[in-house]
Structure formats: structure tokens, C-alpha cells
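Peer 1: Take this structure, written in C-alpha cells, and hold onto it; I'll ask about it next.
Each value in this text was obtained by applying a stated rule to the coordinates, not by laboratory testing. None of the values given here were measured: they were computed from a predicted structure. Glycine gets a Cβ as well: all are built from the backbone with ideal geometry, and neighbour counts include every protein chain shown.
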Amino acid sequence: MNIPKENFSEWYNEIIKEAKLCDLRYNLKGFVVIPPNAAQVMKIMYRIYEEALEKKGHKPTYFPALIPERNLKAESEHVAGFVPEVFWVTKAGTADLEEPMAMRPTSETAMYPMFALWINGKSDLPLKIYQSCQVWRHETKATKPFIRTREFYWIEAHDVFATEEEALMQVREDMETTEEILHQRFGIPFIFFKRPQWDKFAGAVDTYAADTLMPDGKTLQLPSTHMLGQNFSKAFNVRYMNEDGSYTFGWQTCYGPAISRIYAALFSMHGDNKGLVYPFEMAPVQVIIIPIMKKDTEAEVRKKVEELKQRYPTTQALTLPVLWLAQEQFGYISEETMKYVATLLNVPFGHVLGVVSFYTMFHRKRVGKHHIEVCTNVSCMLRGSAEIAKRLERKLGIQMGETSQDNKWTLSEVECMGSCGSAPMVAIGEEYYENLSVDKLDK
């Protein structure tokens, strides 16, 4: 990292770029692409949170991303809080829709009409569900990747209970879940605060939110849990029948851990001046074995690279012979070796990967002392290479693509070795054996 963490805002932007956590080049303001480096970690975070919710009685569900306008307007305080941020779908093809549909900013107004159909008697309670999804809000403030975007990734849990006491117990359970996951598993410290009425969730009775301090001293809100009381159940007729035939409106709560925002806190808390750091459990790659050359060998290889530079017009043209040198040293080409070659030659990693993927002479994993390659292209196949391959599998006790347990033999299938006139052909190391047959193989 070229920027110290003390300059947090610049450090944050730099680590997103250098660690390839987010690609900002998507041509729609406020929307970003989350590549594998970040998505893999977020997937782990989702799994941990989902397991915790299910352990406490929540069941998974999926609701549509579109919400009818009439649903969104059913709870007056809620609609006043969210309508300014809503993305609206108003056309299907070139035709205007009869009713505009909102891209889900949150799912209360999508779920609760269904709750009214699902809940009839007290035996249907408690109802505890969650969904992992995306939500869309037209943020008008300055956006910042993972922290404030117009599309973010979260989990939302929604619950209905027969009594107020049960609903308040769920709010406390949500707080306990936040402690178990955010603090104990993700290593993110926080404090729960009861929000003032002007800052509560639109439509809620009370909101309790977990706030953490980012490295620059600014507060970042993480999961929040909301006591909805009966505000939404009355708006959407979510009620249950009592033993005497009368009806009582349900008591509701909702809980929203925003995974993408929590991810921002995760790498911000644990990263340092050297770059990206994750808690061990969060890291998608936990161990990397890096081939290291001896000092005298490295000097010799660098000397050979300098000699090769004189023979090739561009550094990209050098890629193939330098990779061959690397394979001679380590026996195979690992991802770390490809990155080293890309840095050494100052060429894109994708170019190096393309060369390794195209040429069958490069091995992506460690091979045995004796590497046998059987050509199975058309010419060789027509002249018996399939029978030769089967005989080798039986003799060595391994299948194609496998290495023997003593690491003496590796058996591979290759496309073409450029010797179709003398098919079928097998290579053992750098030695070619042409015009083979099963009988010659046995000899």
C-alpha cells in the first residue's frame, strides 16, 4: 500500500482498487460491480449469519423484488420515509403499466400482505422468516462503495408474535445475534443505541442500531432491529383469531444486517498499512504455499531473463520462455508464480494466465517425477491412442489427470503434440515416443 491507514479515506479507496474488491466502472451512478475477491468473503458472511438466524428459529424465504405502489402506500409513516428514495418501474416494453411498481427499498410492504393470508389463528404464530437479497434506494448523498450505494446486499428478518412481550424479546434476541456475529465472529466492535424518534425506521415504534467507529473516527451504522408494534399489522390486517372468535393484531419486528456495509467495516477494521487483512474464518484463501528459489538459482534465472530480453522484441513475447524457466524451477506453474512473472515482465496477469491456459506443456498443479502425456487428438485417436491410454491407466493404477501416491507418475491427456504423421504419440517428460501401439508400450 502506498497510502498509510491514517489517511483513511484515501486508504479505503486505494485498498478497494488494489485488492480488486469493487469495480467502479459500471456505467450507472451509484451502482458497482463486486468481483470475486469481495464476493467470496461476503458469501461466507451470509452463510454465518443465515446459520445463526436459522438456529434461532428463522426460516428462509424469497419475495419478489417489485412492490405494487398501493402496497408501499398502505402505511403512511413508512411511505413518507421511503418514497423519496424509491426507484419506480413504470413501463413494460413500450407500454405504460397500469400501476407503477417500486424496486424494493425494504420488504415490509411486500411481505406483510402475504402475512395477512398466512396467519389465521394463534397456532400460526410466531412467524419468523428471513431473506437474503438486494435492495435499491436512490441515495442522493455522495455514494461510497459498500458503505453507501444505490444497491446493497443484506439480510432482512421479519417476525410476527401474539404479544408485545414476545416482540420485545425478539428485539433483544436480535441484539444478541449481532453481538455473536459482528463482535465474536467478525471482530467488529460496536455499541447499540436506541435511536431518537426523528431518526427511527419509518413506521417503527422504536429502532435500536449497532454503531461502530471507523478508523477515521466517524460512526457507521451496522445492523438495526426495529420494534414495529402493531403499526404495520393494522395497515395490512395481519391478525389472528382468539379462542373466543375475536381478532387481535400481531406484534411485529424486523432486523436488517446489511452484509455489504458490514463487509466495509470488516476490512476497514482489520486492514493495515500493508493492505487487506481478514479474520481467519472470513479469509477465502487461508494458506498460500509460495515457491521460493535459492539465492544463487534466482540470480541465474534473472540472468537468463535478461539474456532472453535481447532476443525478443517485446516483454509480452518473453512470457512463454520465462514461464518455461519457472516450470523448470518449480515443476509446475502456480497462481503465485504467474503473478510473479507478470510483475517481473510488467505485463497483465491475464496475459500470463492466457499463455499458461493455452499451452498444454504448462502444468497448473504439481506433477510426478515422470509425467506421461497421451495425445488424444483426431489422428492419434484414429490410430489407437484410446487403447494406449487405457493400458497406461491399468499399468500405473491411476486415471487420467491423476498422480500416483508415491509421486512417481502423472498421467495426462493432451490435445495435440504436432506429430500427426507419426500418430499415435506419447510424451514422457521431454522425450517423444511415436508410432506407438499397445504391444510397443508393453515392451
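Peer 1: List the residues whose amide H sits under 5 Å from the amide H of THR163, counting only those 5 or more places along or on another chain, with H placed 1.01 Å from N in the peptide plane.
Peer 2: TRP251
Peer 1: Here is a follow-up. Which listed residue (ILE388, ILE16, THR219) has the Cα farthest towards the positive end of the charge dipole for the chain, taking +1 on Lys and Arg C-beta and -1 on Asp and Glu C-beta about the Cα centre?
Peer 2: ILE388
Peer 1: First measure r as the distance between the Cβ atoms of PHE330 and LEU308, then evaluate 1/(1 + (r/R0)^6) with R0 = 22 Å and state the FRET efficiency to the nearest 0.05.
Peer 2: Here the calculated transfer efficiency is 0.75.
Peer 1: If I take R0 = 25 Å and measure r between the Cβ atoms of LYS369 and ALA317 in this structure, what FRET efficiency does the formula 1/(1 + (r/R0)^6) give, to the nearest 0.05?
Peer 2: My answer for the efficiency is 0.20.
Peer 1: On to the next question. What is the gain in length, in nm to one decimal, between ASP439 and GLN405 on full extension, counting 0.36 nm per residue of separation less the C-alpha to C-alpha distance?
Peer 2: Here the answer is 9.6 nm.
Peer 1: While we're on this one: Computed FRET efficiency, Cβ-Cβ of GLN134 and LYS390, R0 51 Å: what is it to the nearest 0.05?
Peer 2: About 0.50, to the nearest 0.05.
Peer 1: Then there is this: Between region 369-407 and region 54-75, what's the alpha-carbon centroid distance in Å?
Peer 2: 56 Å
Peer 1: Using the Karplus curve 6.51 cos²θ - 1.76 cosθ + 1.60 with θ = phi - 60°, what ³J(HN,Hα) values do you get for each residue of region 397-403, in whole Hz, with x for Gly and Pro?
Peer 2: These are the phi-based 3J(HN,Hα) values: x, 9, 9, 4, x, 10, 10 Hz.
Peer 1: Work out the length of the dipole vector of region 370-442 about its Cα centre, built from +1 on the beta-carbon of each Lys and Arg and -1 on the beta-carbon of each Asp and Glu, and round it to the nearest 20 debye.
Peer 2: Roughly 220 debye for region 370-442.
Peer 1: Only Lys, Arg, Asp and Glu count, each charged at its Cβ (+1, +1, -1, -1), so figure out the dipole size of the chain about its Cα centre, rounded to 20 debye.
Peer 2: About 1120 debye.
Peer 1: Among the lysines, select those whose C-alpha is under 20 Å from the C-alpha of LYS369, and discard any that sit fewer than 8 residues away in the same chain.
Peer 2: LYS395, LYS408
Peer 1: Of PHE192, PHE280, PHE330, which has the largest mean-square fluctuation in a 10 Å C-alpha GNM of the chain?
Peer 2: PHE330
Peer 1: Measuring from label point to label point, each 7 Å out along Cα→Cβ, what is the SER246 to SER419 span in nm?
Peer 2: About 9.4 nm, to one decimal.
Peer 1: Ordered by packing density, taken as the mean number of other Cβ atoms within 10 Å over each peptide's residues, highest first, how do 85-98, 170-183 rank?
Peer 2: 170-183, 85-98
Peer 1: Sticking with this structure for a sec: Work out, step by step, the length gained on full extension between LYS59 and LYS218: first 0.36 nm times the residue separation, then minus their alpha carbon distance; give nm to one decimal.
Peer 2: Extending this stretch completely gives an extra 53.7 nm.
Peer 1: Another question, then. Suppose a student asked you for the relative contact order of the chain, using Cα pairs under 8 Å spaced at least 6 residues apart; what percent would you report?
Peer 2: 11 percent.
Peer 1: Which value, in debye to the nearest 20, gives the size of the charge dipole of region 122-186 about its Cα centre, when Lys and Arg are +1 and Asp and Glu are -1 at the Cβ?
Peer 2: That gives a dipole near 580 debye.
Peer 1: When DSSP beta bridges are limited to those with both residues in the chain, what percentage is antiparallel, rounded to the nearest 5?
Peer 2: Within the chain, antiparallel bridges account for around 85 percent of the total.
Peer 1: Which of the cysteines in the chain are isolated, no other cysteine C-beta under 4.7 Å?
Peer 2: Isolated Cys, the chain: CYS22, CYS133, CYS254, CYS416, CYS420.
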